[in-house]
Every structure is written in structure tokens, then in C-alpha cells.
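**Q** Before I ask anything, here is the structure I am working with.
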Amino acid sequence: MEMKITVSCPTPNRCTLLILVLFSFAASPLHASLSFNFYASSCPTAELIVSNMVRSASSSDPTIPGKLLRLLFHDCFVEGCDASVLLQGNGTERSDPANTSLGGFSVIDSAKSVLEIFCPKTVSCADIVALAARDAVVTAGGPAFEMPTGRRDGRISNAANVRSNIVDTSFTMIEMIRLFNSKGLSLDDLVTLSGAHTIGVAHCNAFSDRFQMDSKGNLTLIDTSLDKAYAKELMKKCPSGSSASKTVNNDPETSFAFDNQYYINLLGHKGLFQSDSVLVEDERTSARVEAFANDQETFFRSWRDSFLKLTTIGVKTDDEGEIRQSCSFAN
């Protein structure tokens, strides 16, 4: 099936932006049948409703944008962008230990509830997840752009598919490249999408492999690629024996702002995860890290292109999926 994307231009200015985004898709090998303004006739306020829900939730909880962005990654990398991560039940993706710390579900459910009132059985949960993540970035100060919709909701959600399809924070560059390539994403996409770590939080055990416990029960740094002062700060926030629910900000400088500070942190050897630090250590990616650190607009432009590729991974359209009435359960 060839990729087909149709464009409807609400205004001349937005049409220009849509055409620029379209070029990004024209060069993509992904197979999908999506369209801009997909809900223009069937549910014209769909995107506004999702945007308002994200903005409202984020105003009372600044961690929401990071949660919604992470939710999208965990959805799209497993079974494609089909909202399979939302399905509840024994043995579903959501039940896997790697997904138990995911958040943002209430925002998706709230948006779906409102949409079912105004446009019943019309807007997919998969589109809501993708739109919410895009709008979360905007809410946190990141770039705004048009995004094609028309995804259908998947009917399959298997916990056994999770671990082999998501990035582990201890991954080497080779492991990350292999996984991203399997999703149709390039090395540049890998560096760009890692910028999602400019917002959000992480549990202490996600980077505990960078430390070891001495005979007195105290943590010591074993990963020499990490800035010593930053390492000391992390050990103070996550001492040995700390609660499994304890978290730290991914970005210690501008924790709730979607900006290029993540890349500046990497140059200062303050990447929280091992999978972050390798980006600046590897000669294949270090130049791109430096470019993003030096110019936020360059990062934002690349983010738009890579995000659009991310949100079309393995999408289901037409009779390949369904429109769930509840995002937590298949029809």
C-alpha cells in the first residue's frame, strides 16, 4: 500500500506549513493512509478539545507534558501508534513492569469522554495519544505544527512485546541504532527524539547502573562519563535504599520547559541515562548534539520532522483497526 496523505488548507499561512510538513512525509518509507484535517467534517473541534484538555491538565500538574510524551513513545514503539498501550487487562502492554510507571492516562480518557459526547464513535484513541503528545510539547514551550490524523485503534496488546521494543536506559549506541532502524527511524531521528528527555522525570532505578554500593552501603560513581558534581547531586537525591517511587527530573536545569537544554547538558556530561551520555561520546552523533545545543531552532525543526515520523510508525487505518468507545477496552 502506498503512502497517501491529502491536504486541506484552512488558511494560506497554514497551507504553507502543511506543504512543508508534507515534504517530510514524501521522503518517508512508512506506509500509512493519513490526512491533515482528517476530522474537518466529522468532528471539526476534535483537535481543539484535545489541546484544551492537555493545557488544562498541565496547568495544574506541570509533569503532565512529560508523561504524555513518554506515553506516545511507549505506544508507537510497540505494535505501532495504535493506542494498544492504553488497553487494560491481564497480559496487556500496560501491565508490563516497564509500563507501570507510565502516566497521562487520565488526560487521554478525559479527552475521549468529551469527544464521545460531541462526536460519538469518530475520533480514535490512537489519534488522541498522538495529538496530546504534540500539544504537550507546545504547552511546555516547544514547536507547534500540523499533524496528519486518521489512525485506528489496535485490538491487540501483548505484554510480551514490550521489552524487546522499547529503549532501555542502559542501551549502547549499537542497541539503540538497531531498535530505531527497525522502526524506520534514522540516526538523526535517534538524536532528535532523545530530546524528549528535556522534560519529564525518571525513577532512581533507571540510572542506578551508573553507581555501585560500597561496603558501608553508600553509593559511589562508577561511570566516569558523568560529571562528578552532577553525580554527587544524583546520589544525594537517590541514596541507597531510596523508595522505588522516588524520581528526579530528566533535565536538572529547565525541568518543565521543552527546549534545547538537554543537549547543553549532554555537552556538560550531565546526561541522566547511559543512553543519553553515549550520544555525545559517539562520533556518529556528537556533532548533531552540538548543533542542537548551539541552536534551539535547529533542534525544533528537526523535532517536527522526527516527531511526524514517530507518529506514523505501524499505524492502522481503515479496516485494520477500530474506533474504541473507551480507550481502556477494545470494542
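So that you can scan it fast, the table gives a plain yes or no per residue for (1) open to solvent by 70 Å² or more (accessible area, probe 1.4 Å); (2) touching a residue at least 60 places away in the same chain (Cβ under 8 Å); (3) hydrophobic (A, V, I, L, M, F, W, C):
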{"site": "S208", "(1), (2), (3)": "no, no, no"}
{"site": "Q212", "(1), (2), (3)": "yes, no, no"}
{"site": "T220", "(1), (2), (3)": "no, no, no"}
{"site": "P252", "(1), (2), (3)": "no, no, no"}
{"site": "E297", "(1), (2), (3)": "yes, no, no"}
{"site": "F300", "(1), (2), (3)": "no, yes, yes"}
{"site": "S306", "(1), (2), (3)": "no, yes, no"}
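**Q** While we're here: Restricting attention to segment 254-279, which residues are open to solvent by 30 Å² or more (accessible area, probe 1.4 Å) and either free of Cβ contacts under 8 Å to residues at least 40 places away in the same chain or hydroxyl-bearing (S, T, Y) (or both)?
**A** T254, I264, L267
**Q** Only residues that are in contact with an Asp or Glu (Cβ under 8 Å, 6 or more places away or on another chain) and closer than 21 Å to H203 by Cβ: list them for segment 236-260, please.
**A** Listed by number, the list holds a single entry, P252.
**Q** Same structure, new question: Taking segment 143-166, which residues are open to solvent by less than 10 Å² (accessible area, probe 1.4 Å), more than 14 Å from T92 (Cβ to Cβ) and either without any contact (Cβ under 8 Å) to a residue 12 or more places away in the chain or not hydroxyl-bearing (S, T, Y) (or both)?
**A** M147, P148, G150, R151
**Q** Does G321 qualify as being within 23 Å of T169 (Cβ to Cβ), open to solvent by less than 40 Å² (accessible area, probe 1.4 Å) and either of a type outside the set (S, T, N, Q) or under 22 Å from the mean Cα position of the chain (by Cα) (or both)?
**A** No, not satisfied.
The values are calculated or read from the model by the stated rules, or taken from the named source; none is laboratory data. Note that the structure is a prediction, hence the values are computed from the model and not measured. Cβ: placed from backbone, ideal geometry, glycine included. Neighbour counts: every protein chain shown. Protein only, heavy atoms only, side chains kept; ligands, DNA and RNA dropped before computing areas. Shrake-Rupley method; radii C 1.70, N 1.55, O 1.52, S 1.80 Å.
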